Amino acid sequence: MSIHDEIAADFAQILTEFGKVIFYQGQPTLALISEPMLSSELVLGGEVDDVRFHAKVLRSSIPDIPHSGQLIRWENKDYRIKAVMNRPPHAIVTLEITPADP
């Protein structure tokens with residue numbers, strides 16, 4: 001068993017204990033959700049609050065690698081994927097997500 005297989009097995013165990021259900025492409029999958037981060041972003045006309053957080057999922061639990069702009073659903077709210085960290089052969093895919101309608 002490779003180190004990546006061991007990490008995948010350990011992360012799967014963590015997800016079963018602490019994971020939250022998100023919906024990606026309409027399919028439920030477990031994700032480890034970070035605490036929301038609030039920052040201000042300077043835009044034309046002033047500042048806008050920017051809320052973002054991370055969702056970590058097992059690569060094997062999703063049908064394909066997500067990309068920026070796609071929507072996911074969590075706790076009956078839509079969120080937009082802002083960035084994706086995908087580093088094969090690592091087993092974990094990290095999604096940076098923000099509210100779909102800020």
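The values are calculated or read from the model by the stated rules, or taken from the named source; none is laboratory data. Remember, it's a predicted structure, so these values are computed and weren't measured experimentally. Please note: Cβ atoms are built from the backbone with ideal geometry, for glycine as well, and neighbour counts cover all protein chains shown. Areas reflect the complete protein model, heavy atoms only, side chains present, ligands, DNA and RNA absent. Shrake-Rupley method; radii C 1.70, N 1.55, O 1.52, S 1.80 Å.
Per the conditions (1) modelled with pLDDT of 95 or more; (2) exposed (fewer than 12 other Cβ atoms within 10 Å of the Cβ); (3) among the small types (G, A, S), the sole criterion not satisfied by S40 is (1).
For every residue, the table says whether it meets (1) open to solvent by 70 Å² or more (accessible area, probe 1.4 Å); (2) in contact with a helix residue (DSSP H, G or I) (Cβ under 6 Å, 6 or more places away or on another chain); (3) at pLDDT below 95.
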| position | (1), (2), (3) |
| --- | --- |
| F23 | yes, no, no |
| G46 | no, no, yes |
| V57 | no, no, no |
| R87 | yes, no, yes |
| H90 | no, no, yes |
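Taking every residue in the range 25-45 that is of a type in the set (G, A, S) and pairing it with any residue that is modelled with pLDDT under 80 and surrounded by 10 or more Cβ atoms within 10 Å (Cβ to Cβ), at least 6 positions away or on another chain, the pairs with Cβ-Cβ distances below 8 Å are S39/D50; S40/E47; S40/V48; S40/D50.
Consider D5 carefully, then state whether it is at pLDDT 90 or above, in a loop (DSSP other than H, G, I, E, B) and of a type outside the set (A, V, I, L, M, F, W, C). So D5 does not fit the description; no. The set of residues from the range 64-77 being in contact with a strand residue (DSSP E or B) (Cβ under 9 Å, 6 or more places away or on another chain), under 23 Å from F18 (Cβ atoms) and open to solvent by 70 Å² or more (accessible area, probe 1.4 Å) comprises R73, E75, K77.
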